[in-house]
Structure formats: structure tokens, C-alpha cells
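Peer 1: For reference, the structure I am asking about is given below.
The values are calculated or read from the model by the stated rules, or taken from the named source; none is laboratory data. No experiment lies behind these values; they were computed from the predicted model shown. Note that each Cβ is placed from the backbone with ideal geometry, even for glycine, and that neighbours are counted across all protein chains shown.
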Ligand SMILES: *Cc1c(COP(=O)(O)O)cnc(C)c1O
């Protein structure tokens, strides 16, 4: 990491680590001792600060509340041993962050601040990386508008934060999906490919409707024809149909998942036939009815590989042959899991190991 960037560091007087249960941290409610905070004003990002995690005081006019000019990222830190914590494909998170910022008119922080800041935080809060198998330290970088002004314009001030949260295993069970005839997630030319805060707000109502019908999440279809599969709430989607691994092609409406890319790279490496293309929902229904739908799984940082046990569309439900992770899903899961923790070779150089003290 570049050494010319300095972080202004203020440490907590007393760590909270002894008051928490890292074996059972839940998801997203518990935060480590420190956070990174960087302000943007007068046209530039200022000196990055690492300081105690805590409240920030803002005014109600803060424009991010009103216009959602805000983007985020999500990645994880993995315990390897008392001196080593791993990060996974973190450079990809930075690249995507820059693209999201561009779409939302937010000036991105420099690569050194993003990557170096995360490493520094991990060094300082390494004791918050859970040791329990399956548990990890979730890392949430985000940038948002910070003008105390309610005019609907791009802001002149911004704030970038990184907060970290010890979390337990996210999904342990298979999920049930339903398509929606009425609602869509993203349109061509919209912000579907950006990790923009507002995308989530817009998805909550249809997701709630799906839950009322007994499904876990919506399987989004394209906005134009309501025919082609896009992705799931927080995950990209894969199908194994008659021995071929298929996933929707990225065409500007789908979030370019890093787990999605890792799955594609591994499948190519293993010489599994792969197709990135448009997938008609009818094709999936027919494959399910004729017994050719072998596996269906979602991919994302949180769950890695989440098996899908049912897909409902227009009154018809199909069930893949494998209701839990099937052989391909399981092999992908195990391989990614083990690479993330340096338990097997890392053929693509995906891991960055952070050396931490053993204090
Ligand atoms: C973050 C996200 C994903 C998964 O991306 P990963 O990089 O694999 O975590 C998929 N879909 C949406 C909408 C997302 O926000």
C-alpha cells in the first residue's frame, strides 16, 4: 500500500470488545471500535481520519436525506490466524465504487484512501474479526452528499465513511423466489448497475409483497418486457440447466457482483460450460418442468452461494433438482470460502493478507 498517505488516528480510550459476543454477533447491529471518516469540501477530499465509532451530528436539511445521493460497497475481512486477516478482491470493490460514484455524481476518494483506509482499520480493530468458523467482519464503505441544503442539485460537500461490523453466517437456508408482474428493479439508462442507496429503498415494497405471499425475495425481470431474468434483491442469480451454468448478461441494469465474477472465473477454470446471456423466465419454468433445472443459486458477498429451492412465476412454481446447494454450488462455495481464508491455493491472486499484531 502507498505509504505517502497518512491517517489522522484517534483511538478509543477503552475498547468495547469485552462486552460483545463475537460467536453470536447477529447481522449488522454491532460495530467495531473505530471508523474511517473523510470529508470533501472546497473541491477536494481532506485528510482521512480514523476515530472512535459513534454518532455524527447533522442538520435535518442534509441533502442526502432528501435526494439519496449516496453509494455504498460491501466486503468482508476473514480471520486466518492471530497475525493475519484476509481481504478478498478488494480492488474490485474500489473499481465498482468509482463507477457507482460516477453515476451518482459523487467525487470518489482516491484508491489509497479506500484501500489503505480499510487496511488501517483492520489493523487497528483486528480483534473484532471473529474467529468462529463462518463468522466474519463485514466492511461497509459508503459515500454521500453532505450539504446542509435542500436544493435538488449535486452536493458540494461529501463524506466518505468505512464502518465494520462482526457478523454471523448470513443465509443458512435455501430461499424461495417469486417474480413480480407489477414492479421492476431497474431500467436501461437508470441506476441498476450502481450500488446506489435508493435502489434498495425502491425494492422494499415489492419485497414485502413477496414475503406476504410466502417468498423470501423477488426474482426481478426486465422492465421492458417482463420476460428476462435480471437478479435477486441483494444477489446475482445462476441456473444450471442441462449441465450448463447460465447467468444473465450484464447490460447496465444488473449490479456487477464480485461474487458473480468469481463464480464465472472458477467455472471457466474448471471447464464447466458457461453462458452469460439473456434468460427468458419461461425457459427456466420449462427446464423445471422437464427436470432439466439442476441447480439455482444466488451469489453475493453476504451469502457467497445461496441455494434457491423454489421459483414462482405467474401462478406456476418450479423446484430445482437440488433444493440445497448442489454439487456445483457446493464446490463453488467451498472453493471461495477456502480461498478467502488462505486454506487452499489462490490461483487468481484474489486475496490480500493484512498483517496484524497479535496484541
Ligand atoms: C452488492 C449487490 C450484489 C452482489 O455483489 P457482490 O459484489 O457479489 O457482493 C448483487 N446485487 C445487488 C443489487 C447488490 O447490491
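Peer 1: If we scan segment 245-260, do we find a residue that is within 20 Å of residue 344 (Cα to Cα), assigned by TED's automatic domain parsing to the domain that holds residue 229, surrounded by fewer than 19 Cβ atoms within 10 Å (Cβ to Cβ) and modelled with pLDDT of 95 or more?
Peer 2: Scanning segment 245-260, I find no residue that is within 20 Å of residue 344 (Cα to Cα), assigned by TED's automatic domain parsing to the domain that holds residue 229, surrounded by fewer than 19 Cβ atoms within 10 Å (Cβ to Cβ) and modelled with pLDDT of 95 or more, so the answer is no.
Peer 1: Among the residues of segment 51-85, which ones are under 30 Å from residue 348 (Cα atoms) and within 16 Å of the ligand (Cβ to nearest atom)?
Peer 2: 71, 72, 73, 74, 75, 76, 77, 78
Peer 1: Of all the strands (runs of 3 or more DSSP E) wholly in segment 191-308, which have at least 2 residues that are away from the ligand (no atom under 16 Å from the Cβ)? Even if it seems obvious, please write down each step before you answer.
Peer 2: Details: elements: 217-221, 229-232, 236-241, 244-248, 274-277, 293-300.
In segment 191-308, 236-241, 244-248, 274-277, 293-300 are the strands (runs of 3 or more DSSP E) which contain 2 or more residues that are away from the ligand (no atom under 16 Å from the Cβ).
Peer 1: Then there is this: Among 93, 63, which is touching a strand residue (DSSP E or B) at 6+ places or on another chain (Cβ under 9 Å) and under 19 Å from residue 158 (Cα atoms)?
Peer 2: Values: 93 fails: under 19 Å from residue 158 (Cα atoms).
Testing whether each residue is touching a strand residue (DSSP E or B) at 6+ places or on another chain (Cβ under 9 Å) and under 19 Å from residue 158 (Cα atoms) leaves just 63.
Peer 1: Okay, next question. Please list, ordered by residue number, the helices (runs of 4 or more DSSP H) wholly in segment 31-140 having 2 or more residues that are under 18 Å from the mean Cα position of the chain (by Cα).
Peer 2: 90-103, 111-124
Peer 1: Now for a separate question. Can you find even one residue in segment 104-123 that is more than 20 Å from residue 38 (Cβ to Cβ), out of contact with any helix residue (DSSP H, G or I) (no Cβ under 8 Å at 6 or more places or on another chain) and at pLDDT 95 or above? Walk me through how you get there before you give the answer.
Peer 2: First, the residues of segment 104-123 that are more than 20 Å from residue 38 (Cβ to Cβ): none.
Scanning segment 104-123, I find no residue that is more than 20 Å from residue 38 (Cβ to Cβ), out of contact with any helix residue (DSSP H, G or I) (no Cβ under 8 Å at 6 or more places or on another chain) and at pLDDT 95 or above, so the answer is no.
Peer 1: Being part of a loop (DSSP other than H, G, I, E, B), away from the ligand (no atom under 16 Å from the Cβ) and over 22 Å from residue 276 (Cβ atoms) is the requirement here; does residue 182 meet it?
Peer 2: yes
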